[in-house]
1. Which is modelled with pLDDT of 95 or more and under 25 Å from residue 91 (Cβ atoms), of 248, 276, 259?
2. Given the condition in a loop (DSSP other than H, G, I, E, B) and free of Cβ contacts under 8 Å to residues at least 40 places away in the same chain, answer yes or no: does some residue in the stretch 207-215 qualify?
3. Could you look through the stretch 227-254, keep only residues that are under 16 Å from the mean Cα position of the chain (by Cα) and touching a residue at least 60 places away in the same chain (Cβ under 8 Å), and pick out the one that is nearest to residue 32 (Cα to Cα)?
4. Can you find a residue in the stretch 167-179 that is surrounded by fewer than 19 Cβ atoms within 10 Å (Cβ to Cβ), in the same structural domain as residue 118 (by TED's automatic domain parsing) and under 26 Å from residue 83 (Cα atoms)?
5. Name the single residue that is nearest to the chain's Cα centre (by Cα) among those in the stretch 106-145 being in a strand (DSSP E or B) and closer than 30 Å to residue 8 by Cβ.
6. Name the residue, out of 67, 58, 114, 126, that is at pLDDT 95 or above, touching a strand residue (DSSP E or B) at 6+ places or on another chain (Cβ under 7 Å) and surrounded by fewer than 13 Cβ atoms within 10 Å (Cβ to Cβ).
7. Output the helices (runs of 4 or more DSSP H) that fall wholly within the stretch 1-72 and possess 2 or more residues being assigned by TED's automatic domain parsing to the domain that holds residue 97 and over 19 Å from the mean Cα position of the chain (by Cα), or say none.
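The values are calculated or read from the model by the stated rules, or taken from the named source; none is laboratory data. What you see is a predicted model, and the numbers here were worked out from it, not measured in a lab. Here Cβ is always computed from backbone atoms with ideal geometry, including for glycine, and neighbour counts include all displayed protein chains.
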């Protein structure tokens, strides 16, 4: 653990510690947060910046990969540090937060580009800032006429739900923008009563929520666990959004599945759970080329593209449009 800590940040909240089953060496909660010697094994394809944030950072704190939205990285600290984090080389208590001058430059960049419709607060975990600071950020963004959506990506309700109080929730909102909150959780056991209460308070305040999960070996790479996870989101009024394929971050090979395994799991979900519970399986293309859906294909063409074969959730193939003469 000391060798891992010399390279990567480590933090586990009391709430997370209480969820870990100590007599299980492969506990799915522990695998997400407790350091492993395997993290010291870096594969040739792994990169310090696996999704290419740096290539799309025009000013400090801003990542502008898509025309209509930007990331705004306020802080580089988190309540916990995930062992699979794609920004693990960039986050930790020793990393500085965005300075006042850099923050003003970031706002100037957003203000000067009318195509930016959405600002995504990330980091680090943006809810690690004080409610006062968060309220100021929300107010500043709401004052930019073309910014209509502010999306907050966080682990906090799942890892330190006591911090999600009325003052913090109120700070998430500002007149002039619509706030969305994306909760990152990877296992159904993360939905404790306290976490469910925190999510209910956020949604009851009028803030819609979506999910983010990472497909992780030994955590959620089986149909039953993914099914329970997605149902837990929906039960909490959180719409499943993305299931990420593991990024090529250094020292994370022991937690990554293959794309083929992910596609098989996604196909198994199609017939097991409601459409409300279906996330989109995506790969962040290394080098900064953005996310692409990489789920299983259900459609193929035949007869020169005039007909299709469609696979149903049971795996059976059907011709579309149907050949009525043959069926008669």
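1. Details: 276 fails: under 25 Å from residue 91 (Cβ atoms); 259 fails: under 25 Å from residue 91 (Cβ atoms).
Only one candidate passes the filter, namely 248.
2. Let us first name the residues in the stretch 207-215 that are in a loop (DSSP other than H, G, I, E, B), namely 207-208, 215.
When the remaining residues are screened for being free of Cβ contacts under 8 Å to residues at least 40 places away in the same chain, the result is 207-208.
Checked against the condition, which is being in a loop (DSSP other than H, G, I, E, B) and free of Cβ contacts under 8 Å to residues at least 40 places away in the same chain, the stretch 207-215 yields at least one hit.
3. 246
4. Scanning the stretch 167-179 turns up no residue that is surrounded by fewer than 19 Cβ atoms within 10 Å (Cβ to Cβ), in the same structural domain as residue 118 (by TED's automatic domain parsing) and under 26 Å from residue 83 (Cα atoms).
5. So in the stretch 106-145, the residues in a strand (DSSP E or B) come out as 118-122.
Now drop any that are not closer than 30 Å to residue 8 by Cβ, which leaves 119-122.
On the way: 119: 15, 120: 12, 121: 12, 122: 10 Å.
Looking at the filtered set, the residue picked out is 122.
6. Working: 67 fails: touching a strand residue (DSSP E or B) at 6+ places or on another chain (Cβ under 7 Å); 114 fails: touching a strand residue (DSSP E or B) at 6+ places or on another chain (Cβ under 7 Å); 126 fails: surrounded by fewer than 13 Cβ atoms within 10 Å (Cβ to Cβ).
Every option except 58 fails the conditions.
7. Working: elements: 2-7, 14-19, 28-33.
So the answer is 2-7, 14-19.
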